[in-house]
Structures are given as C-alpha cells and as structure tokens.
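In what follows, a structure is listed as structure tokens, so that the remarks can point back to it.
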Amino acid sequence: MRLKEWLDAGYNAGMGYMAKNFEKRVGLAELVPGAVSVISVLLNYYPKETQQPGVPKVSRYAYGRDYHFTIKEKLRELFAFIKEEIYPGLKGRIFTDSAPVLDRAWAVRAGLGWIGKNSNLINKRWGSFVFIGEIISNLEIEDEAEQVKDACGTCTRCIDACPTGALTKPYTVDANKCISYLTIENNGDIPSKFKGKFDNWIFGCDICQEVCPWNKKAIPTEEPDFKPREEFLKMTLKDWQKLDEKRFKELFRETPVERTKHKGLRRNIDFLFDR
Ligand code: B12
Ligand code: SF4
Ligand code: SF4
C-alpha cells in the first residue's frame, strides 16, 4: 500500500497529521457511516496572470481566494442539488484537502486522470493545475468509471527539473526535500543545504508542473474567486524585500498564503536573500 510505504519512509516530514486516522483514510464507511460512493470533482485554477519577472514567486494555486472556501461552497451546492433532484435520502460529507481523504487516489478511481511521475493528478484536457474535492455519501452509483491509463510514458522532465531532488523516484515526493513543504508546512528553519536551490520560490513550488508537457495547453481558469489581486501582481523585488505584517495582511487576506503568517513568509523571503 503506497501511503503506508510513504509514511514508513518518513516522507511526510513534519506533517504528523498524515499518519493519523490511517484506517479512516483508506476505508469509506469508517470515514462516513453508511457511505457507498465517492463523487470526485476537479476545479481548474490555472491563472492567466503572472507575477513581475524576477520577483520571489508564489505558486499559482495561492494566487486567489483560498480554494478550501470556494470548493466547499460549490460542493455544498452540488450536494443540495442531488438531494433535491435525485435522491432525497442523501446523507454524506464533502471534502477537499482534508487529511483523512486521499484526494488523488479517489480522482483516479473516478476516471478523472492519472497520477504523474511528479505525483500530481493529471487530466488529459485540463492538465494538473486543478484542485480535487469529493462528496462521500450513501448515493448508490452503479457504473464504475472508466480508468485513465498512465500517459507519462518515458518522460522524466519533472524528476530532472526538481531543484532539490524531492522526487526521489517516479511518483514519490519526499516532503523533507520539497520546496512546497519547506516553505509552507514546515514550522522550523529551512535547512541551509537548500541555499541557492529554491529558484526564487517563497510559497509552494510549481516547477514539476511547469515542465510537464500535459500543462503546455493549460486553459486559464474562469473562476472569479481565483483572480489575483492587482497589488499582488504588481509587486516589485523591493516591495517583497520590505514586506511587513500590515502589508502582508492587506495582500493575502483569505488566500492560501495566510497559512504561513507573515513570520513564515518573511523567513522564506529572507532565505532567498540572506547569505
Ligand atoms: C500532504 C500533501 C502535500 C505534501 C506531500 C506531497 C505528496 N506528493 O504527497 C506537500 C506539502 C509536499 C504537498 C505539496 C503540493 N501539493 Co499537496 N497535498 C497533500 C495532501 C494533504 C495529502 C497527499 C498525500 O496523501 N500524500 C501521501 C501520498 C502517499 O499520497 P498520494 O500522493 O496522494 O498517493 C495516493 C494515490 O494517489 C495513489 N498513488 C500515488 N502514486 C501512484 C502511482 C500509481 C502508478 C498509482 C496507480 C497510484 C498512485 O496511492 C496513494 C494512496 O496510497 C493532499 C490533499 C489530500 N487530502 O489528498 C494535497 C494535494 C495532493 N496537494 C495539492 C497541491 C496543489 C500541491 C502542490 C502543487 C502545491 C504547490 N504548488 O506547492 C504541491 C505539489 C508537490 C508534488 N509534486 O506533489 C493538490 C494536488 C492536485 C493535483 N492535481 O494532484 C491536493 C490533492 C490538494 C487538493 N485537494 O487539491 N502536498
Ligand atoms: S514542488 Fe518543486 S520541490 Fe516539490 S517535487 Fe515539485 S519541483 Fe520538486
Ligand atoms: S513531466 Fe513527464 S513524467 Fe512528469 S508528470 Fe509530466 S508527463 Fe509525467
């Protein structure tokens, strides 16, 4: 079982919550009593806007409003629709990025794509800049979704491009080495062995997705919630270097960047420039 192997190898780094509720994570009814199906959904977040060239970089998923709010609102609407129009006895729960549910594994089972060697779910039409959410419920769905075959082929671009060697083997991320973990989830100092390897990323990292041929034709999202603030896009190198707590709050309110608080983002900016 891949999750167990990942945890046993210590690849969850400081994310202790990943080892909790292991039973719930793998079984449906343990998580939601009476559940018999999973409806898995994707939401494209690829922005058409870009930051100024040469400034510290924020990963694309964090440009706009925090996706947890947006996806949950949409899933609540879908849940209400199914209850009203299809199955009044509907009982279940909605999820997105919640530790006890393996979002990507369910998306694969639902036929929405395959897991690429960079470990992201890739959809043939939308690429991998998509969020994943689910409704886990007592709705009986007869058809098993048709599975999408792995279309990575002999490509290894993501593994070759990762500047910290976090893709230790195809399909496996060691969070201890992943810029995304080190800049977001990590509460301590960033180990000095990574100096000069962050390629200007200060919140998350998109490198292993940027190089993926399946993202070449990524279609910009039309979701208004994900539209980045103008003041954020306009930030110059100087603006980033002097970012204080007040400005941080103005710029990143209700975006995923709030997660690191000013202190964490400041640590990440300083890590790029301090020698
Ligand atoms: C912990 C976590 C992280 C950690 C660890 C990443 C990792 N690869 O596991 C860190 C902090 C590093 C991280 C980074 C990122 N994350 Co994250 N993260 C999660 C979280 C909370 C759990 C992932 C997990 O369970 N990992 C443990 C491993 C073992 O599980 P897994 O990779 O999902 O693998 C399962 C299946 O996919 C399957 N499987 C895996 N590989 C293969 C291969 C084959 C061939 C097959 C058949 C099956 C298979 O088996 C596993 C189950 O046992 C999920 C949300 C969730 N609840 O699922 C988001 C999630 C995976 N993250 C997401 C995002 C957007 C990111 C970033 C892109 C953000 C960024 N730009 O910085 C990066 C991408 C880094 C990368 N290359 O993966 C999205 C991914 C969307 C997508 N299209 O795949 C998710 C799904 C959140 C969401 N709901 O949208 N993340
Ligand atoms: S997100 Fe960045 S650091 Fe993490 S595996 Fe991908 S390229 Fe490597
Ligand atoms: S870069 Fe290549 S190997 Fe990596 S996920 Fe994309 S297609 Fe697969």
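What follows is calculated from the coordinates using simple rules that are stated; it is not laboratory data. These figures come from a predicted structure and were not determined experimentally. A quick note on method: Cβ atoms are made from the backbone with ideal geometry, for glycine too, and the neighbour counts reach across all protein chains shown.
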*Hey, how much of the P(r) for region 116-275 falls beyond 19 Å, as a percent of Cα pairs?*
65
*the chain, Cα convex hull volume normalised per residue, Å³*: 139
*When the chain is fully extended, how far beyond the present Cα-Cα distance does Ala9 get from Glu210, taking 0.36 nm per residue of separation?*
69.6 nm
*Mind ordering 188-194, 110-116 by average Cβ neighbours within 10 Å, highest first?*
110-116, 188-194
*Gyration tensor verdict on region 174-262 (Cα atoms; rounded if a/c is under 1.5, prolate if a/b is larger than b/c, oblate otherwise)*: oblate
_Gain upon complete extension [Lys227, Glu30; 0.36 nm per residue less C-alpha separation]_ = 67.2 nm
*By average C-beta atoms within 10 angstrom, highest first, the peptides 11-19, 198-206, 264-272*: 198-206, 264-272, 11-19
_Please give the Cα centre distance for region 140-158 versus region 67-137, rounded to the nearest Å._
16
_Residue range of the chain that is longest and free of GluC sites (Glu not before Pro) which are both DSSP loop and sparsely packed (at most 11 other C-beta within 10 Å)_ = 1-139
*State, as an integer percentage, the relative contact order of the chain based on alpha-carbon contacts under 8 Å between residues 6 or more apart.*
28
